[in-house]
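Working notes, structure below.
The values are calculated or read from the model by the stated rules, or taken from the named source; none is laboratory data. Small disclaimer: the values here were computed from a predicted structure and weren't measured. Positions of Cβ are backbone-derived with ideal geometry, glycine not excepted, and every protein chain shown enters the neighbour counts.
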Amino acid sequence: MKYTLIDLSDSLFNGDKGSHLDCITCKFVLIDAPDEVAMVFGTIEEFPYHATLVDRFCKQRQLACEWIKRPDLVELFEPDYDILGGGYMDFRPVERFITFSGASTAYGSFPQLELSAVLDNSPVFASYRTIVSK
């Protein structure tokens, strides 16, 4: 299984955005795709709803989707894709610390096992201390 990070906030982790800020709050969703689990995330300023993350992911990959209730819910109409859930990510670049918590109103809580696998298999997260809480 491949684990993919999709940073819709344009290089949040390489210091281009907000590296001087104490805390950057993001929303994220986990999407089960063929041969991969994708963690799609972006700042809450740019992506105020988890559905906006799903919509952008679908547009980037040219996947069939539709707004069911704008701006709250986008449904993905691809048989090999499943939205596993979502939550919040508090990113503290100065401290090199990230907290994952909460749940998406539209897609439910993130599965802890899949999130742990993403964290364990991504070199980006290796240099950060992480806490996962529900």
Checklist line | Top-ranked residue of the stretch 21-53 - restricted to ones that are of a type in the set (Val, Ile, Thr) and within 9 Å of the chain's Cα centre (by Cα), ranked as surrounded by the fewest Cβ atoms within 10 Å (Cβ to Cβ) | finding: Val40
Next item on the list: Look at Leu113 and say whether it is within 24 Å of Lys2 (Cβ to Cβ) and more than 13 Å from the chain's Cα centre (by Cα).
Entry: yes
Notebook entry, point to check: What number of residues in the stretch 62-77 are under 16 Å from Val40 (Cβ atoms) and touching a strand residue (DSSP E or B) at 6+ places or on another chain (Cβ under 8 Å)?
Noted result: 6
Next item on the list: Just need a number here: residues in the stretch 79-134 that are acidic (Asp, Glu), surrounded by fewer than 15 Cβ atoms within 10 Å (Cβ to Cβ) and more than 20 Å from Thr43 (Cβ to Cβ).
Entry: 3
Next item on the list: Would you check which residues across the stretch 108-128 are aromatic (Phe, Trp, Tyr) and part of a helix (DSSP H, G or I) and list them?
Entry: Phe125
Checklist line | Search result, residues across the stretch 60-104 that are of a type in the set (Lys, Arg) and farther than 18 Å from Glu36 by Cα | finding: Lys69, Arg70, Arg92, Arg96
Next item on the list: Tell me which residues, restricted to the stretch 42-89, are assigned to a strand (DSSP E or B), closer than 20 Å to Leu115 by Cα, modelled with pLDDT of 95 or more and β-branched (Val, Ile, Thr).
Entry: Ile83
